[in-house]
Amino acid sequence: MFDVVIVGAGPAGLACAIAARRNGLKCIVLEKGTVADAIRRFPTQMTFFSTSEMLEIGDIPFLSGASRPTRVEAVKYYQSVARAFRLDIRAGREATSVRPTRTGFEVTDATGEEWSCAAVVVSTGYFDTPHPFHVKGSELPKVRRAYDEPFAYTGKEVALVGGRNSVVDAALDLYRAGARVSIIHRGQTFSEGVKYWLLPDINNRIASGAINAYFNRTVREIRPGSILLAGGEGEEIANDVVWVMIGYTIDSGLLERAGVHIDPVTMAPQHDPVTFETNVPALYVAGSIAAGKLNNKIFIENGRLHGEAIVQSILATKSG
């Protein structure tokens, strides 16, 4: 019988596990991938917006080679923190159900193993379920949902669908690796949240014709050697590879099956904004999943602070 089972070993989940360990709670972390798995799947050369100290957990300094850490540095940091605190993390164990019982909860993982506990924290993040993309040809093998690195695409016709940071970063990365880049975005311009230091770079590349941008367009059909656009003149552009980077959606199934109320508009789970306890007693949410679709509200920088509040709530209930 555990005091708490944490679902997800991202920064917020790790912060919860550290707070639990420091307060003497028996805790286990179930993770369907590995530690910091979402960060591991970021583009290989990605650099964080925040400085390293804003990403620290457990009061362990995060030392990086520059003012903003890289993806590799972040993965190594969070994995080293998990080892330093000797956290009990079961990698490759996806939680499939959280069932309330008379004494707490039974958490079942994909292998069928059950874990009994008094409290549960769900910290499954935001970057596992891409928004649906129902376009003819989207099943073709050249269609990708996550960008990795540019060097396999030198000399090829590549396209990126979307208008946020991920698209701008990838477009510049691919352009500098020698790919012929096209951006397709349904808006009139890039999203407001694009990093301010990237805008002059991408806008200059578009103005010079080095990168093609098709604003006020959507994809009507993806063909083996081209993409057919809707809007404007209904262009057909040559294409070898296309990344569809239109964001992610919250997978709230685990919470819903446990009885947590999900807002139909924001997809945010009902929870106390101070303790992060949901409408199901002793079932908590931590990190970006607490914001639902409003993923510009919770980041690593503030999600890492949820753990202490959650553990104090668990302790108060336990002592009461």
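Values quoted throughout were computed directly from the atomic coordinates according to the rules given, and no laboratory measurement underlies them. Worth saying up front: this structure is predicted, and the values here are computed from it rather than measured. So basically every Cβ, Gly included, is an ideal-geometry build from the backbone, and we count neighbours across all protein chains shown.
Ranking 50, 123 by Cβ neighbours within 10 Å, fewest first, what do you get? Don't skip to the end; give the middle numbers.
Numbers: 50 13, 123 30.
With the sparsest Cβ surroundings first, the list reads 50, 123.
Check each of the trypsin sites (Lys or Arg not before Pro) in the stretch 90-123 and keep only those in coil by DSSP with at most 10 other C-beta atoms within 10 angstrom; list them in order. Could the numbers behind the result be given before it?
Details: sites: 90, 93, 102; in loops: 93, 102.
When the trypsin sites (Lys or Arg not before Pro) of the stretch 90-123 are filtered for loop state and at most 10 Cβ neighbours within 10 Å, 102 remain.
Quick check on the chain: what are the equivalent-ellipsoid semi-axes from the Cα gyration tensor, as sqrt(5λ), descending, whole Å?
Values: eigenvalues 315, 92, 55 Å².
They are 40, 21, 17 Å, listed largest first.
Tabulate in residue order the Karplus-calculated ³J(HN,Hα) for the stretch 263-279, using 6.51 cos²θ - 1.76 cosθ + 1.60 with θ = phi - 60°, rounded to whole Hz; enter x for Gly and Pro.
Here the 3J(HN,Hα) series is 5, x, 8, 8, 6, 7, x, 5, 7, 6, x, 9, 9, 6, 7, 7, 5 Hz.
Relative to the present Cα-Cα distance, how much length would full extension add between residue 266 and residue 134 at 0.36 nm per residue of separation?
On the way: separation 132, 0.36 × 132 = 47.52 nm, distance 2.16 nm.
Working it through step by step, the gained length comes to 45.4 nm.
With each pseudo-label sitting 7 Å past Cα toward Cβ, what's the residue 80-residue 318 distance in nm, one decimal?
3.0
Which ³J(HN,Hα) values, rounded to whole Hz and listed in residue order, are derived for the stretch 291-301 from phi using the Karplus coefficients 6.51, -1.76 and 1.60 in 6.51 cos²θ - 1.76 cosθ + 1.60 with θ = phi - 60°, glycine and proline given as x?
With the stated coefficients, the stretch 291-301 comes to 8, x, 6, 7, 6, 8, 9, 10, 10, 4, 4 Hz.
What is the spin-label model distance, in nm, from residue 53 to residue 275 if the labels are put 7 Å beyond Cα along the C-beta direction?
It works out to 3.4 nm between the two label points.
Could you line up 265, 167 from fewest to most neighbouring Cβ atoms inside 10 Å? Each step should come with its number before you reach the end.
Details: 265 9, 167 24.
Ranking 265, 167 by Cβ neighbours within 10 Å, fewest first, gives 265, 167.
For a quick check: with amide H placed at 1.01 Å from N, whose amide H comes under 5 Å from residue 117's, ignoring anything fewer than 5 positions away on the same chain?
Answer set, sorted by chain and number: 2, 105, 107.
Considering the chain as a Gaussian network with a 10 Å cut-off on Cα pairs, which listed residue, 129, 103, 70, attains the greatest mean-square fluctuation?
The residue with the greatest mean-square fluctuation here is 103.
Do any GluC sites (Glu not before Pro) in the stretch 88-144 lie in a loop, going by DSSP, with at most 10 other beta-carbon atoms within 10 Å of their beta carbon, and if so which? The partial results should precede the final answer.
Values: sites: 94, 106, 113, 114, 139; in loops: 94, 113, 139.
Passing both the DSSP loop test and the Cβ count: 139.
Kirkwood hydrodynamic radius for the stretch 35-154: how many Å is it when counted over pairs of different Cα atoms? Show your work: numbers first, answer last.
Working: mean 1/r = 0.0563 Å⁻¹.
Across the stretch 35-154, the inverse of the average 1/r is 17.8 Å.
Just from its helices, what would the mean residue ellipticity at 222 nm be for the chain, if runs of 4 or more DSSP H residues each count -39500 (n - 2.57) and the sum is divided by every residue, rounded to the nearest 500 deg cm²/dmol?
-6500 deg cm²/dmol
Over the stretch 143-244, what number does the Rg to Rh ratio reach, with both radii from the alpha-carbon atoms and Rh per Kirkwood?
Values: Rg = 12.4 Å, Rh = 13.4 Å.
My calculation puts Rg/Rh at 0.93.
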